[in-house]
Amino acid sequence: MTSTWPQSPPSEEDRSAYRDATPHSFWLDDLPVRESHSALDGDAETDLCIVGGGYTGLWAALQAKADDPRRDVVLLEADRCGSGASGRNGGFVQSSLTHGLSNGEVHFADEMNVLERLARDNFNGLVADLDRHGVQADFETSGDVTFALAPHELAWLQEEAELARRYGYEVEIWDAEQAQASVHSPTYLGGLWTRTGSALVHPGKLADGLRTAAEGAGVRMFESTPVRAIEPTGPGLRLRTPGGTLAARRALVATSAYPSPIRTIRRYVAPVYDYALMSEPLSPEQREAIGWQDRQGLSDLQNQFHYYRLSADDRILWGGYDAVYRYGGPVDAGLDTHEPTFARLAQHFFTAFPQLRGLRFTHRWGGAIDTCSRFSVFFGTTLGGRVAYAAGYTGLGVAASRFGARVALDLVDGRDTDLTRLRYVRHHPVPFPPEPLRSAIIQLTRNRLAAADRRQGRRGLWLGLLDRLGLGFDS
């Protein structure tokens, strides 16, 4: 058995690199100070209520006003808009609606040509919307590179390249020499540069830019306003919050991994915690020492993978590897830091880039991802069609959330469209079992995925069974 990463415990030097790091998302700390929107106080009414102020909710608010500027739209956010996964992710903007082509072919082979066309249209529409609304979010169309770290992964690169070309993506295969010449890490044995359908963005600026645009379009926003319940009342709805009640004709729920007022969603979503470190800005000498002149988003092919990228001011975000699920699936601010994972991330960072020993990390943070068993957003309606929802992005929702908002709006408005007829939209993923079986299955799967990385990719009986059933666990 072999592993790219050290099997020894992280050293004191590894831990010292992030010891003074701020335990908050860099992307959120990097935003200008603004006044919060007030909380809902008393009773109010609206045509459409959107529950959740992340990417899906904000896109839905913008699209609802674009569909009908006269429609009154209220957005309720439990904390601050963009403070959840939308302000904590890596900022990888990938066009795929299916968590990658391979996963799409497993679940939606009969619809992949349509889904890929929709994915390209959505990606291009997102770029156009950012320009239309003046959202300045450090958007970079640099593509992404996936690296092979073990010999058996080189064949996977070839398979991924062939699949990408079949769907019209521009890709470039690298051998070890080319990979290490581009980004100077001794861990690389090869790479696949996907030049199209992939970009980078500042996640916090994107969320805040969408919030500003939605407010400018006339959306009424209330922060610090969690929705405790959604109840039918006559032809409409009553949304109960700590400070008051909102009467609405329709509602769209976009709460991601957070506990949803629609209990049905909880069967399908497992809140999985992902963690990241952000370095101090690199000096010119450090920048030269790592190459990376094309500034692509980077990741590796292992089951326990890392994702990393440069910020606009040449910091390195380094995240992933651990995907932490806790019994019962709690989502709480106290879980946003996890010392064992930060230590392991720092150790792996300096294994990948030994020339950067001495670099410090200024921020360390984590947050919950809304994992589902098919790895891509799913949809539904409840309360007689008066409520629609979109959830389960599983970590690739920056671009897909715009599409998710469009579909959820069509559903809540009762539109019969090409989108709502898709099997991708009409079918739910396989639900996770209740506790204690849920936790046992997730931990077993995580264990077997780690073992497969150590055993040259051999997946064994358990992972083979999940593959045959089209099920899995990812972040």
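The values are calculated or read from the model by the stated rules, or taken from the named source; none is laboratory data. Everything quoted here is computed from the prediction, not taken from an experiment. Virtual Cβ from ideal backbone geometry, glycine too; neighbours counted across all protein chains shown. Areas reflect the complete protein model, heavy atoms only, side chains present, ligands, DNA and RNA absent. Shrake-Rupley method; radii C 1.70, N 1.55, O 1.52, S 1.80 Å.
Each of the peptides 446-456, 30-40 was scored by the mean count of other Cβ atoms within 10 Å over its residues; in descending order, highest first, they stand as 446-456, 30-40. Modelled label positions at A289 and A451, each set 7 Å beyond Cα in the direction of Cβ, lie 3.9 nm from each other.
Using the Kyte-Doolittle scale, which helices in the chain average at least 0.5 and also have C-alpha atoms spread 15 Å or more along the helix axis, with helices defined as whole DSSP H runs? Helix filter hits for the chain: 400-412.
With the highest mean first, a sort of the peptides 336-346, 272-282 on other beta-carbon atoms found within 10 angstrom per residue produces 272-282, 336-346.
Rg and Dmax of region 36-184, based on Cα coordinates, read 20.2, 65 Å. Comparing Cα centroids, region 162-180 and region 316-394 end up 27 angstrom apart.
Under the combined filter of DSSP loop state and at most 15 neighbouring Cβ atoms within 10 Å, region 147-214 retains these GluC sites (Glu not before Pro): E170. Using a probe radius of 1.4 angstrom, the carbon and sulfur fraction of the accessible surface of region 110-240 is 47%. Computed over all pairs of different Cα atoms, the Kirkwood value for the hydrodynamic radius of region 124-215 is 15.0 Å. The residues of the chain expose, per residue, 40 Å² of accessible area to a 1.4 Å probe. When you work out D = kT/(6 pi eta Rh) for region 210-259 at 37 °C and 0.692 mPa s, using the Kirkwood radius from C-alpha pairs as Rh and the Stokes-Einstein form, the result is 264 µm²/s. Computed over region 69-138, the alpha-carbon pair-distance distribution with 10 angstrom bins reads 16, 30, 36, 17, 0, each value a whole percent.
Close amide-amide hydrogen proximity is noted between R295 and no other residue 5 or more places distant or on a separate chain, at a cut-off under 5 Å (H modeled in the peptide plane; Pro and chain starts excluded). Comparing Cα centroids, region 182-236 and region 412-475 end up 23 angstrom apart. The alpha carbon radius of gyration of region 239-386, expressed as a multiple of 2.2 N^0.38 Å, is 1.34. For the chain, the Kirkwood radius over C-alpha pairs fed into Stokes-Einstein at 4 °C and 1.567 mPa s yields D = 57 µm² per second.
Quick one: net charge around A229, please, counting Lys, Arg +1 and Asp, Glu -1 for every other residue with C-beta under 13 Å from its C-beta. Combined, the nearby Lys, Arg, Asp and Glu give +3. Remark on D72: its backbone amide H falls under 5 Å from those of D47, L48, a criterion applied only to residues 5 or more positions apart or on other chains, H modelled at 1.01 Å from N.
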